[in-house]
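All remarks here apply to the structure that follows.
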Amino acid sequence: MEEGEGLVLKGEKSIHTFFMRFPIDVVYVNEEWRVVRVDRAMSPNRIGPLVFWATYVLELPEGVIQATGTAVGDQLVAQI
């Protein structure tokens with residue numbers, strides 16, 4: 001992924017990184033786009049946790065969570 005890009009997965013509560021070649025940042029958000037969990041630098045070939053409160057999962061380039069200071073409880077604004 002290039003800087004400023006990401007992937008929004010609707011209706012997901014967990015992800016995996018099988019067959020990926022690089023780590024990613026993962027942000028789980030609820031139906032109101034409030035952050036309910038963040039995982040920094042999820043390594044390839046891993047299974048993420050099941051996050052019951054998530055409605056969307058955002059897959060982002062490694063380092064985005066740290067660079068933006070994204071934390072649980074933050075309110076995101078969807079511009080899809």
Problem - Two-site FRET efficiency, residue 16 against residue 53, from Cβ-Cβ distance with R₀ of 22 Å, rounded to 0.05 - result: 0.70
Exercise for the section: Please return the longest stretch of the chain lacking exposed loop sites, where GluC sites (Glu not before Pro) count only if DSSP places them in a loop and at most 13 other Cβ atoms lie within 10 Å. Expected result: 33-80
Practice task
Using the Cα centre as the reference, give the magnitude of the dipole from point charges on the C-beta atoms of the stretch 7-56 (Lys, Arg: +1; Asp, Glu: -1; all else neutral), rounded to the nearest 20 debye.
Solution key: 140 debye
Completion exercise
Rounded to the nearest whole number, the Stokes-Einstein translational diffusion coefficient of the chain at 20 °C and 1.002 mPa s (Kirkwood radius, C-alpha pairs) in µm²/s is 172 µm²/s
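Only the coordinates and a few stated rules stand behind these numbers; no lab work does. What you are looking at is a predicted structure, and each value in this text was computed from that prediction instead of being measured. Quick reminder, even Gly has a Cβ in these numbers, built from the backbone with ideal geometry, and neighbours come from all protein chains shown.
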